[in-house]
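In what follows, a structure is listed as structure tokens, so that the remarks can point back to it.
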Amino acid sequence: MKKIIAFAGSNSSTSINHKLVEFVVSEIKGHDIRIINLVNYAMPMYSEDEEKKAGFPGMVMGLKQEISEADALIISVNEHNGSWSAFFKNVIDWLSRLDRNFLEGKKILLMSTSPGKRGGLSALEFAKNVFPRFGAEIVESFSFPSFYDNFSIESNTVTDETLLLGLNEVLSTFAHQI
């Protein structure tokens, strides 16, 4: 049994990426999985001046500790203007300043979703290129397109059978690789 931390890169109270994380976690069996909400890790906007003046916020150190204790991560990145959100970038900026290799040895299932047909694919591709710089191993990735057309929030289910089959294949591969 592996210890897995799961979260979305969004700070929205109605995050569809968080909904996707919740669904995915419900589909993975046999592992100790904990969903965290990054909003609970309050940190100021990163700047060198802030780091020099106040050091590293306790929440950054706490999040880094949680990540270091996990065997794997499930991350769903949201997309703002073709990249991940400023909120998520700020989290990554703080973590990477605290420890450049904060993802060393971590196996990651990387996902994204959006209301559009590309499913946050630009943010996903950006994350696939950036995370290995911090030591991560991207085991699997998945872009979930047209969230509101393919997912029922009421029943917490994927409504498109083909998409569900593809997602289940990704989850199976991830579970076997960790």
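Collect the residues in segment 27-54 that are among the small types (Gly, Ala, Ser) and either modelled with pLDDT under 95 or surrounded by 12 or more Cβ atoms within 10 Å (Cβ to Cβ) (or both), keeping them in residue-number order. Give the steps one after another, and end with the answer.
Step one: filter segment 27-54 for residues among the small types (Gly, Ala, Ser), giving 30, 42, 47, 54.
If the condition is that a residue be among the small types (Gly, Ala, Ser) and either modelled with pLDDT under 95 or surrounded by 12 or more Cβ atoms within 10 Å (Cβ to Cβ) (or both), then GLY30, ALA42 are the ones that fit.
Can you tell me which residues in segment 74-115 are of a type in the set (Ser, Thr, Tyr) and closer than 17 Å to ILE4 by Cβ?
SER76
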(request) Could you tell me which numbered condition LYS52 fails, if it satisfies all but one of (1) closer than 19 Å to PHE174 by Cα; (2) assigned to a helix (DSSP H, G or I)? (result) (1)
(message) Of everything in segment 145-178, what is part of a helix (DSSP H, G or I), open to solvent by 30 Å² or more (accessible area, probe 1.4 Å), in contact with a helix residue (DSSP H, G or I) (Cβ under 9 Å, 6 or more places away or on another chain) and among the polar types (S, T, N, Q)? Give them in sequence order.
(response) ASN168
(request) Give the number of residues within segment 122-136 that are farther than 16 Å from ARG100 by Cβ and in contact (Cβ under 8 Å) with a residue 24 or more places away in the chain. (result) 5
(request) Collect the residues in segment 116-144 that are closer than 28 Å to LYS3 by Cβ, aliphatic (A, V, I, L, M), in a helix (DSSP H, G or I) and open to solvent by 10 Å² or more (accessible area, probe 1.4 Å), keeping them in residue-number order. (result) VAL130
(message) I'd like to verify a number: residues in segment 55-84 that are at pLDDT 95 or above, of a type in the set (Gly, Ala, Ser), under 25 Å from LEU171 (Cα atoms) and not in a helix (DSSP H, G or I), how many?
(response) 3
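The values are calculated or read from the model by the stated rules, or taken from the named source; none is laboratory data. Bear in mind that the values here come from a model prediction, so they are computed numbers and not experimental data. Every residue, glycine as well, gets a Cβ built from its backbone with ideal geometry; the counts of neighbours run over all protein chains shown. Keep in mind that these areas ignore ligands, DNA and RNA; they rest on the heavy atoms of the full protein, side chains included. Shrake-Rupley method; radii C 1.70, N 1.55, O 1.52, S 1.80 Å.
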